[in-house]
1. Tally Lys and Arg at +1 and Asp and Glu at -1 over the other residues with C-beta under 12 Å from the C-beta of Asp54: what net charge comes out?
2. For the chain, what is the Kirkwood estimate of the hydrodynamic radius, computed as the reciprocal of the mean inverse distance between distinct Cα atoms, to one decimal in Å?
3. Please give me the summed charge of the neighbours of Leu4: other residues whose Cβ is under 14 Å from its Cβ, Lys and Arg +1, Asp and Glu -1.
4. Taking the full set of protein chains and a 1.4 angstrom probe, give the accessible area of Arg106 in square angstrom, rounded to the nearest 10.
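The values are calculated or read from the model by the stated rules, or taken from the named source; none is laboratory data. All values reported here derive from a predicted model rather than from experimental measurement. All Cβ positions, glycine included, derive from the backbone under ideal geometry; neighbour counts span all protein chains shown. Heavy atoms of the whole protein, side chains included, go into the accessibility calculation; ligands, DNA and RNA do not. Shrake-Rupley method; radii C 1.70, N 1.55, O 1.52, S 1.80 Å.
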Amino acid sequence: MGELRLVELSATTIVAVNNLSLKPGQEQFLAPVSYGIAATVANPQTSWQRVIVDDQEVVAFVSANFDPEDPQEHFRSVLWRINVDADDQGRGVGRFAVEKLIDEARERGMDRVNVIYEAGDGGPEAFFQRVGFTPVGETEYGEVIAEIRL
Ligand SMILES: CC(C)(COP(=O)(O)OP(=O)(O)OC[C@H]1O[C@@H](n2cnc3c(N)ncnc32)[C@H](O)[C@@H]1OP(=O)(O)O)[C@@H](O)C(=O)NCCC(=O)NCCS
């Protein structure tokens, strides 16, 4: 693995992001119900999206929402989506993305980062806990709400 870099979405990288692959069974974990509902009120000014590049290759996408005004506390500073290409999983790319997201949250004066995920085999729970998220509650749909305190 070369040096990982965080770059903004561009006309070029967005095509590669759309082509990021998943391992079999992972697609069901990408978007909990709560995110679909929150997305109807998502604001382009509060959303943060980045691409992770290894040398010249796009290997991951990470997005978040930072909105101190959001009525739901766990959506004020929230990891929205993280997807590491199937071939590049298990090499530290996801951890790198979460570290950069935490840097961004700190710069914006947030006191935590939340994530909402569905528990289950083949899902991201072990990863989120490994990189520091602690479960703190549940949504009305039974998804786990976890946080990293900054
Ligand atoms: C979840 C995901 C982002 C993890 O990315 P990754 O690059 O494979 O993770 P990393 O290699 O950075 O792993 C970081 C740590 O988590 C651990 N980890 C990652 N996936 C794991 C799993 N399935 N089970 C157990 N531990 C896991 C790693 O062992 C590593 O631990 P260490 O640093 O202490 O050695 C990636 O698997 C993915 O894109 N999944 C499909 C999409 C998805 O479910 N996204 C989440 C919902 S939006």
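1. On the way: positive: Arg5, Arg91; negative: Glu3, Asp55, Glu57, Asp85, Asp87, Asp88.
After counting each charged neighbour, the total is -4.
2. Numbers: mean 1/r = 0.0639 Å⁻¹.
Here the Kirkwood hydrodynamic radius works out to 15.7 Å.
3. Details: positive: Arg5, Arg50, Arg91, Arg95, Lys100; negative: Glu3, Asp54, Asp55, Glu57, Asp85, Asp88, Glu99, Asp103.
That sum, taken over residues with Cβ under 14 Å, equals -3.
4. Answer for Arg106: close to 140 Å² accessible.
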